[in-house]
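Trainee: Structure in structure tokens, see below.
The values are calculated or read from the model by the stated rules, or taken from the named source; none is laboratory data. All values derive from a computational prediction rather than experimental measurement. Quick reminder, even Gly has a Cβ in these numbers, built from the backbone with ideal geometry, and neighbours come from all protein chains shown. Ligands, DNA and RNA are excluded from the accessible area calculation, which covers all protein heavy atoms including side chains. Shrake-Rupley method; radii C 1.70, N 1.55, O 1.52, S 1.80 Å.
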Amino acid sequence: MSAVSRAEVCVAACADLFADDGEILASPMGLIPSLGARLARLTSAPELLLSDGEATLLGPDGAPEGWLPFRQVFDVVAYGRRHVVMGANQVDRYGNQNISCIGAHERPARQLLGMRGAPGNTANHRTSYWVPRHSRRVLVEAVDVVSGVGHDRARAVGLRFHDVYRVVTNLAVFDFGTPDGAIRLRSVHPGVDVDEVVAQTGFPVRTDGVPASRTPSPTELELLRTVLDPDGRREKEVPSS
């Protein structure tokens, strides 16, 4: 079997997001998170529910296996039985996310998606973020606009069900397992130097004893390469160099 690529490490890191979730609705946004959720369904999280983003529940092979109309998704959100993996144009050290605009909200320099479902997601259920191009422009000291609520603001207003979980990037994995809810470096991907992660992050990063991200098992690689993504689309999103 050929060498493991950076993209395949990222897929495994996204699969690990769902490893202990049980029977919940997975809502991965983007290719790498979607491959991760489907890989988890086939391995570590067989009870995971996958959606096409509209009204159909899917098996890991993409075949329909159930029906969940959009109006009922809001019930799932309200009850917290969902784990969404969103993108982030900006994310700060407490997990506040911006997908709305760059610059001041009243007069932005660049308009983005808007708030979308980010406030409700972060207030009600587990939320993680996927960043395909790790840089100081994305991992910032403070976001321009808060779309998804981070740990500092959630604690300030008492959001009981807030659970911003992890950030996976093309360089590393972060979590928020600190007393004050600040981000910490959980692992760096094989071939990535910790100093590179520090240089490409716009806030201080704890670097003591940081391990390498795990590589996919032979079974996971076989599933990814022959079943889930035989055309290798993952390599275009996350080049190895």
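Trainee: Report Phe70's accessible area, 1.4 Å probe, all protein chains in place, as a number in Å² to the nearest 10.
Mentor: Its heavy atoms expose roughly 120 Å² to the probe.
Trainee: Would any residue of segment 11-31 have its amide N under 12 Å from a label point 7 Å out along Cα→Cβ of Val227? List them or say none.
Mentor: No residue qualifies, since no backbone N sits under 12 Å from the label point.
Trainee: Just the accessible area for Leu50, please: 1.4 Å probe, Å², rounded to the nearest 10?
Mentor: Approximately 10 Å² of Leu50 is accessible to the 1.4 Å probe.
Trainee: Another question about this same structure. Once you have the Cα-Cα distance between Glu196 and Ile102, take 0.36 nm times their residue separation minus that, and quote the gain in nm to one decimal.
Mentor: 31.4 nm
Trainee: Quickly work out the Ala55-to-Asp175 label distance, labels modelled 7 Å from Cα along the C-beta direction, and quote it in nm with one decimal.
Mentor: 3.9 nm
Trainee: May I pose another question? Please give the charge dipole size of segment 122-238, origin at the Cα centre, charges +1 on K and R Cβ atoms and -1 on D and E Cβ atoms. Round to the nearest 20 debye.
Mentor: Roughly 300 debye, rounded to the nearest 20.
Trainee: Could you tell me whether segment 120-182 comes out rounded, prolate or oblate from its Cα gyration tensor? Rule is a ≥ b ≥ c as square roots of the eigenvalues, rounded for a/c under 1.5, then prolate if a/b exceeds b/c, otherwise oblate.
Mentor: Prolate, since a/c reaches 1.5 and a/b exceeds b/c.
Trainee: Report the one residue of Pro132, Ser217, Ser187 whose Cα lies farthest in the direction of the positive end of the charge dipole of segment 109-223 (charges on C-beta: Lys and Arg +1, Asp and Glu -1; origin at the Cα centre).
Mentor: So the residue we want is Pro132.
Trainee: Between Ala212 and Arg133, with labels modelled 7 Å along Cα→Cβ, what's the label distance in nm to one decimal, could you check?
Mentor: It works out to 2.7 nm between the two label points.
Trainee: Sorted from largest to smallest, which semi-axis lengths in Å does the alpha carbon gyration tensor of segment 104-241 give for its equivalent ellipsoid, taking the root of 5 times each eigenvalue?
Mentor: Ellipsoid half-lengths, sorted descending, are 28, 19, 17 Å.
Trainee: Cα convex hull of segment 16-97: how many Å³ per residue?
Mentor: That works out to 107 Å³ per residue.
Trainee: Once phi is turned into ³J(HN,Hα) by the Karplus curve 6.51 cos²θ - 1.76 cosθ + 1.60 with θ = phi - 60°, what whole-Hz value does each residue of segment 176-191 show in order, with x for glycine and proline?
Mentor: 10, x, 10, x, 9, x, 6, 5, 9, 7, 8, 6, 10, 5, x, x
Trainee: Now for a different question. Non-local amide H neighbours of Gly148 (under 5 Å, H modeled in plane, Pro and chain starts lacking H): which ones?
Mentor: Placed amide hydrogens put Gln97, Asn98, Ile99 under 5 Å from Gly148.
Trainee: Let me ask another. Rule-of-thumb check for segment 74-157: C-alpha Rg over 2.2 N^0.38 Å?
Mentor: Here the Cα radius of gyration is 1.06 times the empirical estimate.
Trainee: So how compact is the chain: Cα radius of gyration and Dmax in angstrom?
Mentor: Spelled out, the Cα radius of gyration and Dmax of the chain are 17.4, 53 Å.
Trainee: Before rounding to the nearest 500, sum -39500 (n - 2.57) across all DSSP H runs of length at least 4 in the chain and divide by the residue total; then give [θ] at 222 nm in deg cm²/dmol.
Mentor: -7000 deg cm²/dmol
Trainee: Check which residues have an amide H placed less than 5 Å from Thr56's amide H, if you skip close sequence neighbours.
Mentor: Residues meeting the amide H criterion: Leu68.
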